[in-house]
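Trainee: Have a look at the structure that comes next, please.
The values are calculated or read from the model by the stated rules, or taken from the named source; none is laboratory data. What you are looking at is a predicted structure, and each value in this text was computed from that prediction instead of being measured. Every residue, glycine as well, gets a Cβ built from its backbone with ideal geometry; the counts of neighbours run over all protein chains shown.
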Amino acid sequence: MRPFTYNALPGRIVFGAGRRSEIASEADALGLRRVMVVADENAKADADELVDLLDDRVVTRWHEVAQHVPTELADAARQAATDHEIDGIVTVGGGSTTGLGKAIALVRDAPIVAVPTTYAGSEMTPIYGLTGEHKETGRDLRVLPRAVVYDPELTVDLPVAVTTTSAFNAIAHSVEALYGPDANPITSLMAQDAIGVLTAALPRLNADPHDVDLRSDLLYGAYLAGAVLAAVGMALHHKVCHVLGGSFGLVHGDVNAVVLPHVVAYNAKGAPEAIDRVGSAMDVADPAAALFDLAAAVGAPVSLESLGMPHEGLDEAARRAVSETTFNPTTVDEPSIRRLLEAAWRGQRPWEQHKSSERTPTPKPEGERRHE
């Protein structure tokens, strides 16, 4: 057994169908008396139910949410939190909603109780992001939710198209956790379990997307994926996705579904044991091809072109992805990443050319802390 360090992050997990009914007791356990509820319009009905349960603990609500958390929106929400003198935040929704709650907590120093309704995993991490001219991310324990209520009943009506791409986001967290900068035996077990659960559950969506047991499996996998994302850190895949999303306005889950198979193929040479574990979790010999085929089978996007990514933006995306990638098990360079993006833009099945890349990892600069 090789030496390792594992920083287990603090937090309380409440998991199970119907457990949203316990939201008031979770707020009380944290001593919250002046709560701000953050939820977008898509989650309004769920938020209404939780507001009723929280009763007079709620002093204000916020409904304007945008992906990648624009700085102007964060500033407005922070001002509302200050005006109402909140002492806690309840977020109800997906990664963008959780992200806005984190932006508020970062300056308000108010604990978050997160109630996820997608599979983004942000609720398990101390990672936050804000987007001005470009998206910037950071880590701060003040934004790590103190309690997370996972209730699969809140996800049964999540549209299949959103379900598939959100789940691919979770799969991507788990894949990169197997070769991330702080990978260790504990997180690798969690990541491999998540990959197996998520990839086995997705094909069952077509039979009955409202099945609570199916939704429980997906939510469990997303929880594991978020937990390993928080502990291990990410590499090339998520840098590429953040560049594409933050600079070109693409939906994060959609980009994950398209890019992941190509990065898995690219990193097969530099992280063979990790990629073999992806294959073992899926019970396939070629996980890159299998992930591409899974995306196509469940109706997730497989090309950047279909997402509206301008072809003329690929050069800039490659340049920025390389410059912002501080760790990856396979060396990154602009020509290689440009070829990867071209294949992803065209929707090509991952090809063997990725696998000829060098094994030498891209090092993290001395003293630099990861922000991904």
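Trainee: Inside the range 305-336, can you point out the residues that are touching a residue at least 60 places away in the same chain (Cβ under 8 Å) and assigned to a helix (DSSP H, G or I)?
Mentor: Within the range 305-336, G313, E316, A317, R320, A321, E324, S336 qualify.
Trainee: List, please: which pairs have Cβ atoms under 6 Å, are six or more places apart or on different chains, and start with a residue in the range 227-249 that is surrounded by 23 or more Cβ atoms within 10 Å (Cβ to Cβ) and end with one that is in a helix (DSSP H, G or I) and of a type in the set (K, R)?
Mentor: Hits for this filter: V243/R320.
Trainee: Just checking, which of V258, V243 is out of contact with any Gly (no Cβ under 9 Å at 6 or more places or on another chain) and either at pLDDT below 95 or not assigned by TED's automatic domain parsing to the domain that holds T118 (or both)?
Mentor: When all the criteria are applied, what remains is V243.
Trainee: Further question on the same structure: Of R20, R78, which residue is part of a helix (DSSP H, G or I), closer than 12 Å to V115 by Cα and either among the polar types (S, T, N, Q) or modelled with pLDDT of 95 or more (or both)?
Mentor: R20
Trainee: Which is assigned to a strand (DSSP E or B) and either β-branched (V, I, T) or modelled with pLDDT of 95 or more (or both), of V51, V65, V37?
Mentor: Among V51, V65, V37, only V37 is assigned to a strand (DSSP E or B) and either β-branched (V, I, T) or modelled with pLDDT of 95 or more (or both).
Trainee: If you scan the range 93-103, which residues turn out to be touching a residue at least 60 places away in the same chain (Cβ under 8 Å) and either assigned to a loop (DSSP other than H, G, I, E, B) or closer than 19 Å to R19 by Cα (or both)?
Mentor: G94
Trainee: Is the range 14-28 home to any residue that is without any contact (Cβ under 8 Å) to a residue 40 or more places away in the chain, outside the structural domain of A183 (by TED's automatic domain parsing), hydroxyl-bearing (S, T, Y) and out of contact with any helix residue (DSSP H, G or I) (no Cβ under 9 Å at 6 or more places or on another chain)?
Mentor: yes
Trainee: Also, quick follow-up: Just to be sure, is A77 crowded, with 16+ Cβ neighbours inside 10 Å, in contact with an Asp or Glu (Cβ under 9 Å, 6 or more places away or on another chain) and among the hydrophobic types (A, V, I, L, M, F, W, C)?
Mentor: yes
Trainee: Determine whether the range 58-81 contains at least one residue that is in the same structural domain as I23 (by TED's automatic domain parsing), under 15 Å from I23 (Cβ atoms) and of a type in the set (A, V, I, L, M, F, W, C).
Mentor: Yes, there is a match, as at least one residue in the range 58-81 is in the same structural domain as I23 (by TED's automatic domain parsing), under 15 Å from I23 (Cβ atoms) and of a type in the set (A, V, I, L, M, F, W, C).
Trainee: If you check D87 against the conditions, is it of a type in the set (D, E), free of Cβ contacts under 8 Å to residues at least 12 places away in the same chain and over 28 Å from D211 (Cα atoms)?
Mentor: no
Trainee: Any residue that is under 15 Å from the mean Cα position of the chain (by Cα) and either polar (S, T, N, Q) or at pLDDT 95 or above (or both) - is there at least one of those in the range 127-142?
Mentor: Within the range 127-142, one or more residues are under 15 Å from the mean Cα position of the chain (by Cα) and either polar (S, T, N, Q) or at pLDDT 95 or above (or both).
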